[in-house]
Amino acid sequence: MYWLAVLMSFAVVGLIATGLYLEMRPTASLRLPRWSKPAVGGQLLVFVAAQFGLLLLGIDEVLAQEAMEVVEVQEISIGMGIAILGAGIPTALSTIGAGIAVGPIGAASLAAITEKPETLGRTLIYLGLAEGIAIYGLVISILLLNRI
């Protein structure tokens, strides 16, 4: 596990060195707009801080773990894999259907609300009915997973 700590250290040091090099001497081909320099610097600072936090907080957890016993894993048959995929299909298709339904309904409800603000309640009901399609698919998938 020491290799992980070394790899993360090299990543952090490499990122800092690259950021400092680009900040001090940007190449002619990589001219950034003036407005983006503070944003890039801020993002670089947040990323470096997150990497150091992961390194400092996570190294004790990684190195302190004792060897665990190997647990026997049951293999999943092809039929069981197909059944699990089949249980996920209703959620996928109903979510796609709900997305297709919400788009035009949302656009029409915004247009209706701008003309008549008192129609907000009705439009929310229509949007809720369209979102209900996704919930129905999720319920069917949960019922199918309980049968497997």
query = Of the residues that make up the stretch 78-87, is at least one within 22 Å of the chain's Cα centre (by Cα), surrounded by fewer than 14 Cβ atoms within 10 Å (Cβ to Cβ) and part of a helix (DSSP H, G or I)?
reply = yes
message = Quick check on this structure: which one of G97, G128, G103 is in a helix (DSSP H, G or I) and either more than 27 Å from the chain's Cα centre (by Cα) or surrounded by 14 or more Cβ atoms within 10 Å (Cβ to Cβ) (or both)?
response = G97
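Coordinate-derived values only; no laboratory data. A quick note: this is a predicted structure, and the numbers were derived from the prediction, not measured. Cβ: placed from backbone, ideal geometry, glycine included. Neighbour counts: every protein chain shown.
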